[in-house]
Amino acid sequence: MIPAMGTGRRRVLLVEDETGIVEPVVAALEREGFGPVVAGTLGDARAAFEAEAPDIVLLDVNLPDGSGFDFCREVRRAGDVPVIMVTARGDEMDRIVGLEIGADDYVVKPFSARELVARVRAVLRRFEATARQGEHAAGAGPAEVGGVRLDTARRQVTLDGEPVELSRKEYELLALLMRHAGAVVTREQAIEEVWDTNWFGSTKTLDVHISGLRKKLGDDPAAPAYIHTARGVGFRFAGPDEFGAGAGTP
Ligand code: CA
């Protein structure tokens, strides 16, 4: 494990067992002012995540003691640290699984260290912009439509007063839809804003997240109360006026 140095440097936890990849990436990260921390196994990654509190995680899928996907889930549960998955070339399933379990981006081997560092910058920038938006939106108070209440300050969602457990991507998708409540959000817009990609596979990922959200909000896909399908275009979250007076709020 290489400890992060200095203060104010963004710490990048690189979980990778191939030294041929580790060395150039570490060199590129250091050159660009990041503080890399390297873990070659899941065990080391867990310890480093605790000890170093990284700002972002770069995560190989195939590790000697298990799957990077497991660690991705753990990072997601632990809080808001973005994850970039590193997948083998042509392994489309890996990319789909990675995005579905909440990875923020992925790179495909072989990649240049320069490309990877550019992705790190992009994800961190987007992540911080989202956090600022959250703070900004928080000033406007929680959004509420029918029985669904979205508290951007706490990143909490309740349905009829009961907490709803959402994955980070589900939360971001719901927040996007509710920001535009009553209006259609196109598939392209959703994919671009929530996954920051125009990769064709993410359109399936979007459907998976929509159906997950509907399930958690008790929406019948055949006659949804909240998330309506705009056929061939996208999705529309119901506007506040579509619920009778007193339907959700006292
Ligand atoms: Ca590996």
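The values are calculated or read from the model by the stated rules, or taken from the named source; none is laboratory data. Given the structure is predicted, the values throughout are model-derived calculations rather than measurements. Note: ideal-geometry Cβ built from the backbone for every residue, glycine included; neighbour counts use all protein chains shown. Protein only, heavy atoms only, side chains kept; ligands, DNA and RNA dropped before computing areas. Shrake-Rupley method; radii C 1.70, N 1.55, O 1.52, S 1.80 Å.
Things to note:
- Scanning the range 43-66 for residues being crowded, with 21+ Cβ neighbours inside 10 Å and within 16 Å of the ligand (Cβ to nearest atom) gives a total of 7.
- Taking the numbered list (1) at pLDDT 80 or above; (2) part of a loop (DSSP other than H, G, I, E, B) in turn, Gly141 passes all entries but (1).
- Residue ID - farthest from the chain's Cα centre (by Cα), chosen from residues in the range 161-197 that are assigned to a loop (DSSP other than H, G, I, E, B) and polar (S, T, N, Q): Thr197
- Every residue from the range 22-42 that is more than 16 Å from the ligand (Cβ to nearest atom) and either assigned to a helix (DSSP H, G or I) or within 21 Å of the chain's Cα centre (by Cα) (or both): Ala27, Ala28, Leu29, Glu30, Arg31
- Taken as a whole, the condition of being at pLDDT 75 or above, open to solvent by 50 Å² or more (accessible area, probe 1.4 Å), over 22 Å from Pro24 (Cα atoms) and not assigned by TED's automatic domain parsing to the domain that holds Phe34 does not apply to Glu74.
- Neighbours by Cβ (under 7 Å, 6+ apart or cross-chain): first from the range 217-236, in a loop (DSSP other than H, G, I, E, B); second surrounded by fewer than 19 Cβ atoms within 10 Å (Cβ to Cβ) and aliphatic (A, V, I, L, M): Leu217/Leu159; Gly218/Leu159; Asp219/Ala225; Val233/Val184
- Residues of the range 152-167 that are open to solvent by 20 Å² or more (accessible area, probe 1.4 Å) and either at positive phi or at pLDDT 85 or above (or both): Arg155, Gln156, Thr158, Leu159, Asp160, Gly161, Glu162, Pro163, Val164, Glu165, Leu166, Ser167.
- Among the residues of the range 177-191, those identified as closer than 9 Å to Phe237 by Cβ and open to solvent by less than 30 Å² (accessible area, probe 1.4 Å) are Leu177, Met178, Val185.
- Filtering the range 79-104 to residues that are open to solvent by less than 10 Å² (accessible area, probe 1.4 Å), modelled with pLDDT of 80 or more and within 16 Å of the chain's Cα centre (by Cα) leaves Pro82, Val83, Ile84, Met85, Val86, Ala103, Asp104.
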